[in-house]
Amino acid sequence: MQKIDLVSQDFKRNPLPTFAALREQGPLIETRLPIMGRTRITTDYETTVAVLRDSERFVTSAHNAGRKQYAGMQWWMPRTITTLANNMLTKDDPDHRRLRKLAEAAFLRRSVDDMQPRLEQLAHTLLDQVEAIAKRDGQVDFVEHFARPFPLAVISELLGLPEEDRPVFGKWGAALTQTNSVLAVFRFLPLLRKMYRYFERQFEECRQNPRPGLLTALVQAEQAGDQLSHEELIAFAFLLLFAGHETTVHLTSGGLLTLLEHPEQKAELLADWSLVGGAVQEALRFYCPVQMTKPRYIREDTELVGVSLRRGEMISAILAAANLDPAEFENPGHFDIRRQPNPHVAFGTGMHVCLGMKLANAEVETAFRCLFTRFPKLELAIPSSELKWAKRIGLRGLPSLPIRLSP
Ligand code: HEM
């Protein structure tokens with residue numbers, strides 16, 4: 001079994017050479033990864049998609065594959081962690097279907113379209129602050145002052161969480177970005193307990209005083225007999241808050257970095273905003289902030305691309321490797337906002353495909369449009385080679401991105 005480095009600064013800065021070398025060794029290779037331990041990883045598009053679309057053979061509930069594990073976590077992990085991790089992403093049907101259906105309506109295209117004016121308002125309010133800080137200090141951290149608070153404000157409003165609590169969620173999210181080992185996960189435990197109690201209180205308040213938002217809708221679904229357990233409710237809110245902002249933070253900042261590093265593509269976009277949808281899809285493919293999915297477990301002994309797999313074994317589908325596979329994408333190392341077709345899998349695929357992808361697309365399109373319309377000359381405040389990357393496995397993210405609004 002070989003050691004593969006998926007956390008170094010060099011890899012995070014440019015993952016393409018690593019994936020090209022791994023693909024040479026085969027579509028499914030065995031390795032050991034931080035936090036997860038021994039696993040197989042996919043290295044090409046076809047195998048990644050084959051795993052994610054076959055939820056009969058490859059399940060997300062370790063229990064269904066006969067493992068003494070809970071919600072993808074080792075059985076000895078503290079209960080707070082396993083409870084919070086026990087959400088729709090780590091469940092197979094029919095439980096998965098039951099939970100997903102409850103939230104789906106809020107994330108339909110039409111609901112997201114209705115939010116468009118509010119997205120622009122939120123973006124401009126934050127950009128006013130960005131502008132004020134840049135005026136005062138000469139530069140501003142784009143992650144801290146825009147890429148994080150923007151999706152956080154959106155998902156908090158959707159859930160119906162009080163506005164004054166947002167700065168705390170931002171700190172929790174920033175801390176999550178840095179959990180890169182089992183030890184770090186344990187260090188994170190007091191914070192997780194705090195989050196657990198926080199959501200417990202929020203649901204209690206929604207029960208007593210219904211308010212607009214998804215939390216109250218979930219409580220009402222529970223009361224109408226949808227059989228959501230107390231713990232399921234909390235895990236649900238935790239998933240939506242963090243899946244709903246942490247990922248978007250890194251697409252917004254990584255997408256901005258990618259555009260700034262490709263000035264000719266940026267110029268085309270600024271000259272024709274009808275290209276913004278394509279630009280966001282290409283940023284998803286090329287930058288791919290969520291580099292791998294949750295592990296899939298082998299339900300029964302089987303075979304895939306000539307490799308024998310035993311019940312209970314684990315596969316990690318590497319989305320970033322799929323998105324850079326030359327067999328699927330012509331010249332994959334070329335960032336091209338007009339790429340057509342662009343069947344990237346940055347949101348996953350199959351039954352666990354991202355629930356929030358329409359919202360994420362709308363958020364990042366709005367962010368780019370508002371940002372560059374107001375500050376067309378914005379640039380990095382430090383050379384991109386000096387940027388520090390988050391060490392967390394599976395996440396391509398910048399804890400900070402200093403920018404200047406004009407040269
Ligand atoms: C750029 C932003 C985003 C990216 C790259 C992203 C990526 C992903 C990926 C790769 C998965 C599948 C994981 C797997 O199969 O193991 C997923 C699932 C999910 N995402 Fe996202 N996501 C983003 C934004 C959002 C937003 C804004 C929300 C919600 C508001 C959200 C909610 C979810 C949920 C609930 C699931 C689990 C779906 C299920 O199990 O059926 N995501 N996301």
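Structure notes:
- Given charges at Cβ of Lys, Arg, Asp, Glu: the range 9-404 dipole, positive-most of Y196, T349, Q291: Y196
- Positive-pole candidate from L371, T43, L6, dipole of the chain, charges at beta carbon: L6
- Taking other residues whose beta carbon is less than 14 angstrom from the beta carbon of G306, and scoring Lys, Arg as +1 and Asp, Glu as -1, yields -3.
- Whole-number percent relative contact order across the range 9-404, with pairs defined as alpha carbons under 8 Å at least 6 apart: 27
- Whichever aspartates and glutamates have a C-alpha closer than 18 Å to that of K388, once near sequence neighbours (fewer than 8 apart) are set aside: D5, D10, D141, E144, E246, E261, E379
- Treating r as the C-beta distance of E268 and L16 and R0 as 22 Å, the FRET efficiency rounds to 0.45.
- All Cα pairs of the range 204-269, percent lying beyond 17 Å: 58
- Here the chain is assigned +1 on the Cβ of each Lys and Arg and -1 on the Cβ of each Asp and Glu. Its dipole about the Cα centre then comes out at about 1060 debye.
- Checked against a 23 Å cut-off, the cross-linked pairs K12/K358; K171/K391; K68/K194 give Cα-Cα distances beyond that limit for K12/K358; K68/K194.
- A straight chain from S384 to E200 at 0.36 nm per residue would run longer than the Cα-Cα distance by 62.0 nm.
- Anisotropy class of the range 9-404 from Cα gyration tensor, a/c 1.5 cut: oblate
- Averaged over residues, the count of other Cβ atoms within 10 Å places the peptides 207-214, 152-159 in the sequence 152-159, 207-214, highest first.
- Residues in the range 22-31 carry Karplus couplings, in order, of 5, 4, 4, 7, x, x, 9, 10, 8, 7 Hz; the curve used is 6.51 cos²θ - 1.76 cosθ + 1.60 with θ = phi - 60°, and Gly or Pro positions show x.
- Spacing of the two label points (7 Å from each Cα toward its C-beta) at Q129 and E330, in nm: 4.5
- Distance from the range 9-69 to the range 109-145 (C-alpha centre basis), Å: 36
Read the figures in this text as sums done on the coordinates, not as results from a lab. If you're wondering where the values come from, they're calculated on a predicted model, not measured in any experiment. Glycine also receives a Cβ, built like all others from the backbone with ideal geometry; neighbour counts cover every protein chain displayed.
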